[in-house]
Amino acid sequence: MKSDFEQYDDVELFYLMKSGSGHSEEAFRILYNRYSARIYSYCRKFLGNKEEARDVFQEAFVRFYQSAQEEREMTNVPAFLLKIARNLCVNLKRKDTSALTFEDYMSSTYERSDNDELLNLIKTGMELLPPEYKELFILREYEGLTYNEIVNVTGLPLATVKIRLFRARQKLREILAPYLADLSKY
């Protein structure tokens, strides 16, 4: 059974959450249904770990719900949710000292098919990108955000976003070039 609130846009639902009426939870549920897959996907790609992604994903929605009670102007709910998730991911990565080395990765991929190996090489290449490149690459290539949306989420100047994305792609090509050359021999 669909509620009448499903027709509301994101901003209306956000302010309905804020109102404290009996409809706050329904408004939150609708927004959660609209954006949960996207936010989880972002966390999963950024962190590379299902458990950490699940924890950050849940915390992002808790903070989103709590933020509705604060005095704030809302204009773009998905960007705001991504910003919360991004900040949580960045903070977790700062604390995380364990990292997969490329050698560890290579030793674990011997028996995979070429397609699986290529996909995993790309994933590993992304893991080797500096964090400031990786997060922008994910936002652009996986989340499909425009440059201006990335500026809104990260707070970085547009020129910085463009430069870092260019460098991320360039670095990824450098990382993958020797391995792609080896794959093409077979």
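FYI, it's all coordinate maths here, none of it is from the lab. Just so you know, these numbers come straight off a predicted model, no measurement behind them. Positions of Cβ are backbone-derived with ideal geometry, glycine not excepted, and every protein chain shown enters the neighbour counts.
On a straight-distance basis, which lysines could pair with K123 in a cross-link, Cα separation under 29 angstrom, same-chain partners fewer than 8 positions away excluded? Here the lysines satisfying the reach criterion relative to K123 are K45, K50, K83, K93, K95, K134, K162, K171, K185.
The label-point distance for Y65 and E141, in a model that sets each label 7 Å from Cα toward Cβ, rounds to 3.5 nm.
Seen through its C-alpha gyration tensor, with square-root eigenvalues sorted a ≥ b ≥ c, region 1-72 comes out prolate because a/c lies at 1.5 or above while a/b is bigger than b/c.
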